[in-house]
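A.B. asks: Quick one: the structure is below, and I'll ask about it shortly.
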Amino acid sequence: MSVNLQTPIDYLKGVGPNRADLLRSELGIHTYQDLINLFPNRYIDRTKYYKINQLQRNNAEVQVIGTITGFREVAQKRGKRLVADFKDETGVMELVWFRGQKWIRESLKVGQPYVIFGKTNWFSGKYSMPHPEIELQSEHESNLRSAMQAIYPSTEKLSNKGISNRVVSKIMQQLFLETKGKFVETLSDSIRGELKLVSKSDALFNVHFPKSPELLSRAQFRLKFEELFYIQLQLILKNLIHKSKIKGLIFDKVGDYFNTFYNDHLPFELTNAQKRVLKEIRSDLGSNAQMNRLLQGDVGSGKTIVAFMSMLMGLDNGFQCCLMAPTEILSVQHYNGLQEWCNKLNISISLLTGSSKTSERREIHENLENGNLQILVGTHALLEDKVKFKNLGLAIIDEQHRFGVKQRSKLWHKNELPPNVLVMTATPIPRTLAMSVYGDLDISVIDELPAGRKPIKTVHRYDNNRLKVFKFMKDEIAKGRQIYVVYPLIQESEALDYKDLMDGYESISREFPMPDYQISIVHGKMKAADKDYEMQRFAEGKTNIMVATTVIEVGVNVPNASVMVIESAERFGLSQLHQLRGRVGRGAEQSYCILMTSHKLSQDSKTRLETMVRSSDGFEIAEVDLKLRGPGDIMGTQQSGVLNLRIADVVKDKDILEQSRYYAKTVLKLDPSLALPEHKVILNTYRQMSKYRNIWNYIS
Ligand code: ADP
Ligand code: MG
């Protein structure tokens, strides 16, 4: 009979109630299954033995054979420490214990050969090893051990309570004894055959007790593949179910609004990428499944017109549409832009934000409900309960990372049938990551900028070159250009940041005095109306310089602004820098981005600045960002537990992720319900996973 892996960990020999409690609370290990899935962080080579005169001052973990020549107790500030002199034929070192001294003193013998293992310290001319792992050489030799020793994740509490790595390793050995190392296979023969994957049992054995580096890496590959495969399977299934179950509103005809705009009012030739994305959207909208699409496009790639033309498809089919943006400034800008096009087509459009007047609101609510209003643009205000559409067909959300998933779904519940949803973001998420984070959304990418854009020249300047930078700014203003100067605003140091902003504003006001120069300032502490007023003045060209915090980060469009000066650039994240730079380079003129920093730069800051200077490719920048910060920090991914992987790493194991997605797709294409005999093992594993481990946690 095989051992049930759902057995509580208490039942494993050598665990017992106390250890079980610790394993549960510290490592989340409840069952045999959880223990087997506790994968090592790293491995150390236990085939190598050091002589004492070979030790180096690098704090590495080493293994030494020798004998204890005597014990001493040394008084210290609090209590005492136990020290043993340990020697081999080349020299002497010390072993040190701060706890458990009585037990150590009684169980270790002078003059016997021991093997010790641990980290060495170099202290007043001598090597010492605190709390070594120690065993008699004779036992050491008779013990079964693998060449590479697994080091498991641990916590301070665990090691204080005596659950050392050696104990975990022993428990693991016990688990392999009880189960005889036989584990149910979880991947199909054909996948294993094609990828030459080792069996589940071999993989688990070698990941915990590697026989060789080569077997270890094959074991890791198989386990990573498996982990990612089942997540991808889950995501794709969810998407398929969504498509078959959730009926959408069909926009089956292309009508007058779309055609008239396309033939008579298109302000410029669409890029190929814009055309391709419109086709993808059109095909979603024409099908009877609800559209749930993510549109990624770098800043300035022209997402707005794609959004507008998608709305026209909705209007042509008698539906209302809405566009929601994260800030008031951005909503106003969208509204102004769209209104111009709407007027030409006789489309009714309104703006609803937190600062809309009560009378305006009332009118909007009324016209929404009776269907007179066709397009509504606005902020979070759109989510209020009072806002009821007659027949919302398409909801577009700009800059999605500002909205939580919950908020997104609020829009959904406005109708009996959910509207089609298009989410637009300028945060380029590397495709692989997007696949695992937004696996339930279809993804379109605008990967081409409108023709004729001149690449933005980006430079890095130190603070002490400020005068030259001012001179440059004056020259640009003389040519008729406008300039942004942006200061960081980080919540933790808000007060200081405001001081920096105000100091900066003052020094710029001194350097660029009225009436020759006009300066605007915008920051988060201002009233919305004042912000809008300042933004408007800048947008109309009435001011030369816009001093701002990152409130201008998202979406603002002032084509005549051609210089972006970013103060304390070392304090911004890469994607934020890239977003800010995207504010310029929107007109015909050569644009510049100047990254100002102090001389004190961390290695990461240097990499960020170099990347900005070198590259203008949002996706390349996102990749670097991902490497620097790790996936947990990338916008929009924090809330989704998708990156809580046990063994795989979405960044480092990108290739395996892609492979696993390919295989998951292939399997489901052939056999969407996993009914074929050859897929039985996949179906069983999948069910098992959803039963015991809430795999939905992985997703949202
Ligand atoms: P984003 O994707 O950042 O929202 P926008 O939609 O605001 O970009 O477009 C940026 C600018 O590029 C706007 O001024 C817009 O009118 C212009 N634009 C968009 N598409 C094209 C195109 N195909 N050809 C020329 N200009 C375009
Ligand atoms: Mg935009």
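A.B. asks: In this structure, does SER146 turn out to be modelled with pLDDT under 85 and part of a helix (DSSP H, G or I)? If you could, list the steps in order and put the result at the bottom.
C.D. replies: Numbers: modelled with pLDDT under 85: yes; part of a helix (DSSP H, G or I): no.
No, not satisfied.
A.B. asks: Identify, from the list LYS211, LYS196, LYS180, the residue that is among the basic types (Lys, Arg) and either under 23 Å from TYR11 (Cα atoms) or in contact with an Asp or Glu (Cβ under 9 Å, 6 or more places away or on another chain) (or both). Even if it seems obvious, please write down each step before you answer.
C.D. replies: Working: LYS211 fails: either under 23 Å from TYR11 (Cα atoms) or in contact with an Asp or Glu (Cβ under 9 Å, 6 or more places away or on another chain) (or both); LYS196 fails: either under 23 Å from TYR11 (Cα atoms) or in contact with an Asp or Glu (Cβ under 9 Å, 6 or more places away or on another chain) (or both).
Result of the check over LYS211, LYS196, LYS180: LYS180.
A.B. asks: Among the numbered conditions (1) within 15 Å of ligand 2 (Cβ to nearest atom); (2) under 30 Å from the mean Cα position of the chain (by Cα), tell me where TYR335 comes up short.
C.D. replies: (2)
A.B. asks: Any residue at all in the range 538-545 that is surrounded by 21 or more Cβ atoms within 10 Å (Cβ to Cβ), within 13 Å of ligand 1 (Cβ to nearest atom) and part of a loop (DSSP other than H, G, I, E, B)?
C.D. replies: Here is the first cut: in the range 538-545, the ones surrounded by 21 or more Cβ atoms within 10 Å (Cβ to Cβ) are 538-539, 544-545.
In the following step, the residues that additionally are within 13 Å of ligand 1 (Cβ to nearest atom) were identified as 539.
Filter once more, so that each one left must be part of a loop (DSSP other than H, G, I, E, B): none.
Scanning the range 538-545, I find no residue that is surrounded by 21 or more Cβ atoms within 10 Å (Cβ to Cβ), within 13 Å of ligand 1 (Cβ to nearest atom) and part of a loop (DSSP other than H, G, I, E, B), so the answer is no.
A.B. asks: Quick check on the range 323-357: of everything there that is under 17 Å from VAL387 (Cα atoms) and modelled with pLDDT of 95 or more, which residue is surrounded by the most Cβ atoms within 10 Å (Cβ to Cβ)?
C.D. replies: LEU323
A.B. asks: With the requirement that a residue be in contact with a Gly (Cβ under 9 Å, 6 or more places away or on another chain), modelled with pLDDT of 85 or more and of a type outside the set (Val, Ile, Thr), what does the range 540-578 give you?
C.D. replies: GLY541, PRO559, ASN560, ALA561, SER562, MET564, GLU567, HIS578, listed by residue number.
A.B. asks: In addition: Inside the range 271-281, can you point out the residues that are in contact with a helix residue (DSSP H, G or I) (Cβ under 7 Å, 6 or more places away or on another chain) and within 9 Å of ligand 1 (Cβ to nearest atom)?
C.D. replies: To start, the set of residues in the range 271-281 that are in contact with a helix residue (DSSP H, G or I) (Cβ under 7 Å, 6 or more places away or on another chain) comprises 274, 277-278, 281.
Once the filter is applied, which keeps residues that are in contact with a helix residue (DSSP H, G or I) (Cβ under 7 Å, 6 or more places away or on another chain) and within 9 Å of ligand 1 (Cβ to nearest atom), the range 271-281 yields only GLN274.
A.B. asks: Determine whether ASP284 is within 16 Å of ligand 1 (Cβ to nearest atom), of a type in the set (Asp, Glu) and either open to solvent by 30 Å² or more (accessible area, probe 1.4 Å) or touching a residue at least 60 places away in the same chain (Cβ under 8 Å) (or both).
C.D. replies: Against the criterion (within 16 Å of ligand 1 (Cβ to nearest atom), of a type in the set (Asp, Glu) and either open to solvent by 30 Å² or more (accessible area, probe 1.4 Å) or touching a residue at least 60 places away in the same chain (Cβ under 8 Å) (or both)), ASP284 does not qualify.
A.B. asks: Does GLU156 satisfy the condition of being of a type in the set (Asp, Glu) and free of Cβ contacts under 8 Å to residues at least 24 places away in the same chain?
C.D. replies: Details: of a type in the set (Asp, Glu): yes; free of Cβ contacts under 8 Å to residues at least 24 places away in the same chain: yes.
In short, yes.
Residues checked against (1) closer than 25 Å to SER591 by Cα; (2) loosely packed, with under 14 Cβ neighbours inside 10 Å; (3) under 33 Å from the mean Cα position of the chain (by Cα):
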site: ASN464; (1), (2), (3): yes, yes, no
site: PHE472; (1), (2), (3): yes, no, no
site: ARG481; (1), (2), (3): yes, no, no
site: VAL485; (1), (2), (3): yes, no, yes
site: PRO488; (1), (2), (3): yes, no, yes
site: GLU494; (1), (2), (3): no, yes, yes
site: LYS499; (1), (2), (3): no, yes, yes
site: TYR505; (1), (2), (3): yes, no, no
site: LYS531; (1), (2), (3): yes, no, yes
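A.B. asks: Please state which of the following conditions SER310 fails to meet, knowing it meets all the rest: (1) at pLDDT 95 or above; (2) within 16 Å of ligand 2 (Cβ to nearest atom); (3) surrounded by fewer than 23 Cβ atoms within 10 Å (Cβ to Cβ).
C.D. replies: Exception for SER310: condition (3).
A.B. asks: If ILE65 passes every condition in (1) open to solvent by less than 40 Å² (accessible area, probe 1.4 Å); (2) in the same structural domain as VAL115 (by TED's automatic domain parsing); (3) β-branched (Val, Ile, Thr) but one, which one does it miss?
C.D. replies: Result: ILE65 passes all but (1).
A.B. asks: In the range 367-386, which residues are at pLDDT below 95 and farther than 19 Å from ALA528 by Cβ?
C.D. replies: Residues satisfying the conditions are LEU368, GLU369, ASN370, GLY371, ASP385, LYS386.
A.B. asks: Please verify whether GLY318 is closer than 28 Å to LYS243 by Cβ, in the same structural domain as LEU383 (by TED's automatic domain parsing) and surrounded by fewer than 19 Cβ atoms within 10 Å (Cβ to Cβ), treating the condition exactly as stated. Quick ask: steps written out before the conclusion?
C.D. replies: On the way: closer than 28 Å to LYS243 by Cβ: yes; in the same structural domain as LEU383 (by TED's automatic domain parsing): yes; surrounded by fewer than 19 Cβ atoms within 10 Å (Cβ to Cβ): yes.
It is true that GLY318 is closer than 28 Å to LYS243 by Cβ, in the same structural domain as LEU383 (by TED's automatic domain parsing) and surrounded by fewer than 19 Cβ atoms within 10 Å (Cβ to Cβ).
A.B. asks: What are the pairs, 6+ residues apart or on separate chains, where a residue within the range 10-29 that is farther than 21 Å from LEU177 by Cβ has its Cβ under 9 Å from a residue that is outside any loop (DSSP other than H, G, I, E, B) and open to solvent by less than 20 Å² (accessible area, probe 1.4 Å)?
C.D. replies: Short answer, once both residue conditions are applied: LEU22/LEU158; ARG24/ILE9; GLU26/LEU158.
A.B. asks: Next question, about the same structure. Inspect the range 229-245 for any residue being part of a loop (DSSP other than H, G, I, E, B), touching a helix residue (DSSP H, G or I) at 6+ places or on another chain (Cβ under 9 Å), polar (S, T, N, Q) and open to solvent by less than 50 Å² (accessible area, probe 1.4 Å) and give the result as yes or no. If you could, list the steps in order and put the result at the bottom.
C.D. replies: Of the range 229-245, the ones part of a loop (DSSP other than H, G, I, E, B) are none.
For the range 229-245, residues part of a loop (DSSP other than H, G, I, E, B), touching a helix residue (DSSP H, G or I) at 6+ places or on another chain (Cβ under 9 Å), polar (S, T, N, Q) and open to solvent by less than 50 Å² (accessible area, probe 1.4 Å): absent.
A.B. asks: Could I ask something else about it? Could you please tell me which pairs satisfy a Cβ distance under 6 Å, a separation of 6+ or placement on different chains, a first residue in the range 600-613 that is within 15 Å of GLU567 (Cα to Cα), and a second residue that is hydrophobic (A, V, I, L, M, F, W, C) and in a helix (DSSP H, G or I)?
C.D. replies: Correct list of pairs: ARG608/LEU574; MET612/LEU577.
A.B. asks: Mind listing whichever residues of the range 1-15 are more than 37 Å from the chain's Cα centre (by Cα) and open to solvent by 20 Å² or more (accessible area, probe 1.4 Å)?
C.D. replies: MET1, SER2, VAL3, TYR11, LYS13, GLY14 - these are the residues of the range 1-15 that are more than 37 Å from the chain's Cα centre (by Cα) and open to solvent by 20 Å² or more (accessible area, probe 1.4 Å).
A.B. asks: Scan (1) crowded, with 19+ Cβ neighbours inside 10 Å; (2) among the aromatic types (Phe, Trp, Tyr); (3) part of a helix (DSSP H, G or I) for the single condition PHE176 breaks and write down its number.
C.D. replies: Exception for PHE176: condition (1).
A.B. asks: Shifting gears a bit: Can you tell me which residue within the range 19-56, out of those that are open to solvent by 30 Å² or more (accessible area, probe 1.4 Å) and part of a loop (DSSP other than H, G, I, E, B), is nearest to THR120 (Cα to Cα)?
C.D. replies: GLN56
A.B. asks: State yes or no: is GLN688 at pLDDT below 85, in a helix (DSSP H, G or I) and out of contact with any helix residue (DSSP H, G or I) (no Cβ under 6 Å at 6 or more places or on another chain)? Write out each step before concluding.
C.D. replies: Numbers: at pLDDT below 85: yes; in a helix (DSSP H, G or I): yes; out of contact with any helix residue (DSSP H, G or I) (no Cβ under 6 Å at 6 or more places or on another chain): yes.
For GLN688, the condition - at pLDDT below 85, in a helix (DSSP H, G or I) and out of contact with any helix residue (DSSP H, G or I) (no Cβ under 6 Å at 6 or more places or on another chain) - is met.
A.B. asks: For the range 201-215, how many residues meet the condition of being in a helix (DSSP H, G or I) and surrounded by 21 or more Cβ atoms within 10 Å (Cβ to Cβ)? I'd like the intermediate steps shown before the answer.
C.D. replies: Just the residues of the range 201-215 that are in a helix (DSSP H, G or I), to begin with: 201-208, 213-215.
From what's left, surrounded by 21 or more Cβ atoms within 10 Å (Cβ to Cβ): 203-204, 206-208.
Number of matching residues: 5.
A.B. asks: Please work out which residue is nearest to ligand 2 (Cβ to nearest atom), limiting yourself to the range 507-529 and to residues that are crowded, with 19+ Cβ neighbours inside 10 Å and farther than 19 Å from LEU467 by Cα.
C.D. replies: Residue satisfying both the conditions and the ranking: VAL522.
A.B. asks: Could you figure out which of (1) touching a Gly at 6+ places or on another chain (Cβ under 6 Å); (2) open to solvent by 20 Å² or more (accessible area, probe 1.4 Å) isn't true of ALA289?
C.D. replies: It fails just one condition, (2).
A.B. asks: Looking at the range 251-271, which of its residues are part of a loop (DSSP other than H, G, I, E, B), open to solvent by 60 Å² or more (accessible area, probe 1.4 Å) and under 12 Å from ILE305 (Cα atoms)?
C.D. replies: Residues of the range 251-271 that are part of a loop (DSSP other than H, G, I, E, B), as a first pass: 251-255, 266-271.
Checking the rest, the ones that are also open to solvent by 60 Å² or more (accessible area, probe 1.4 Å) come to 252-254, 267-269.
Selection gives PRO267, PHE268, GLU269.
The values are calculated or read from the model by the stated rules, or taken from the named source; none is laboratory data. For clarity, every value in this text was computed on a predicted model and none was experimentally measured. Counting neighbours? That spans all protein chains shown, and the Cβs are built from the backbone with ideal geometry, glycine included. For accessibility, only protein heavy atoms count, side chains too; no ligands or nucleic acids. Shrake-Rupley method; radii C 1.70, N 1.55, O 1.52, S 1.80 Å.
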